[in-house]
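Following: one structure in structure tokens, then a few remarks.
Derivation of every value follows stated rules applied to the coordinates shown; laboratory data play no part. Just so it is clear, the model here is predicted, and its values are computed rather than measured. Cβ placement follows ideal geometry from the backbone for every residue including glycine, while neighbour counts extend to all protein chains displayed.
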Amino acid sequence: MTVKTTRKLTLKDVAQNLKVSTATISNAFNRPDQLSATLRDKILSECESMGYFGPNAAARSLRTGRTGIVGVVLSDRLSYSVSDPVANQFLKGMADVLDTHEYNMLLLSSNPIEQDAQHRMQASMVDGFIVYGHKPQQCHNAPWLMPNKHVITVDGFIDGCTSVNVGNYQGAKAVTIHALRHKPDKIAILGLSLLSTSRVCRMQEDELFDKAASISVQRLNGYLDALSENGYSVSPENIWNIPTNTHQQAYQAAREALGMMDRPKLLLCMSDRIAIAAIQVALQMGFRVPEDLQVVGFDGIPEAANLHPSITTVHQQSVEKGCVAAELFLGLREAKSVELESDLLIGESCP
């Protein structure tokens with residue numbers, strides 16, 4: 001029979017009480033594969049009745065040099081990232097792998113942090129970082145850019161770091177070539193995070209982000225190259241910048257584009273959320289989709305397939321992207337950059 005005590009129990013105390021080794025107690029909490037299920041359940045039950053809940057995490061970190069935590073750096077606000085369908089799928093894929101290997105993740109915003117103390121705190125809490133949607137203009141002297149930290153970057157590039165991306169250029173080019181089969185006489189592009197501004201506005205080419213660091217610019221170049229190769233062109237005044245992938249901002253840009261005197265007959269949208277907002281605007285203005293207006297998206301989120309008309313889009317493997325990033329971080333696959341293929345999905349919005 002065990003008795004709770006007011007004194008803080010140590011691993012040695014518990015081992016003596018249960019008449020097993022300290023290694024056996026440690027394995028019950030940290031390496032369950034080393035014990036039979038019956039023995040582990042018995043030890044955990046006895047420990048709980050004694051008020052002992054496992055070896056101290058800080059002490060374990062000092063012994064092993066690892067915290068068992070990966071810092072997941074999100075390029076947008078946390079509230080936005082956890083509600084965005086693409087980021088949500090990415091986090092799910094990553095969590096599936098981390099859960100299997102008993103690793104935890106700490107969600108961090110990449111908004112600039114001023115105090116060095118906070119930098120050091122974040123760096124000390126994690127074994128490294130998975131940086132999602134890295135934007136160079138956001139991150140100067142960031143803890144995930146410190147030397148000697150294991151870093152994987154996703155949907156972006158950081159010099160010297162292994163990266164996981166999808167075929168943004170190829171996917172954008174393929175969906176554009178498909179859309180041009182309808183021979184539209186005027187085209188507009190509803191872009192995402194193309195410019196360093198928080199305003200919904202038309203493109204200013206000298207403000208474009210660096211191609212190597214921005215997946216949006218890669219998609220833009222995919223559109224433009226496909227158009228050029230097929231005898232089309234789009235002037236900057238027909239390219240909109242939408243700062244964040246939200247319905248409100250996408251709706252505003254689509255309303256402006258479809259309100260033009262010489263309105264476009266094809267909208268190339270850099271996300272399915274933007275495409276959904278564009279179709280909503282078109283229908284409210286009395287345009288038929290796809291008869292009067294063709295719309296294509298990018299991402300392949302479930303809402304795009306469930307909408308009527310369903311959206312022609314580029315499906316990116318967001319869950320797989322998260323799995324690959326976690327596997328790279330944990331050393332479960334070769335440490336080299338990965339580019340996942342994207343697939344063209346034909347829907348009703350641009351058959």
For Gln248, what is the net charge nearby, where nearby means another residue's Cβ is under 15 Å from its Cβ and Lys, Arg count +1, Asp, Glu -1?
+1
Quick one: Karplus J couplings for the range 324-332, per residue in order, coefficients 6.51, -1.76, 1.60, θ = phi - 60°, nearest Hz, x for Gly and Pro?
5, 4, 5, 5, 4, 4, 7, x, 8
Under 5 Å between amide hydrogens, which residues at least 5 positions from Val72 or on another chain qualify, with H placed 1.01 Å from N in the peptide plane?
Leu106, Leu107, Leu108, Ile130
For the range 232-349, what class follows from the C-alpha gyration tensor (a ≥ b ≥ c being the square roots of its eigenvalues): rounded when a/c is under 1.5, otherwise prolate if a/b is larger than b/c, else oblate?
prolate
Describe numerically, in nm with one decimal, the distance between label points set 7 Å from Cα along Cα→Cβ at Lys149 and at Lys12.
3.7 nm
Using modelled amide H (1.01 Å from N, peptide plane; none on Pro or chain starts), what sits under 5 Å from the amide H of Arg202, excluding residues fewer than 5 places away?
Asn241
Please turn the phi angles of the range 277-287 into ³J(HN,Hα) values with the Karplus equation 6.51 cos²θ - 1.76 cosθ + 1.60 (θ = phi - 60°), one per residue in order, whole Hz, x for glycine and proline.
5, 5, 5, 4, 4, 4, 5, 5, 8, x, 8
Provide the gained length on full extension for the span Lys183 to Asp262, in nm with one decimal, where the gain is 0.36 nm per separating residue minus the Cα-Cα distance.
26.8 nm
Using the Karplus curve 6.51 cos²θ - 1.76 cosθ + 1.60 with θ = phi - 60°, what ³J(HN,Hα) values do you get for each residue of the range 189-202, in whole Hz, with x for Gly and Pro?
10, 9, x, 10, 6, 7, 10, 7, 8, 9, 9, 6, 7, 7
Which entries in Lys12/Lys42; Lys149/Lys336; Lys265/Lys321; Lys92/Lys173 show an alpha-carbon gap greater than 23 Å?
Lys265/Lys321; Lys92/Lys173
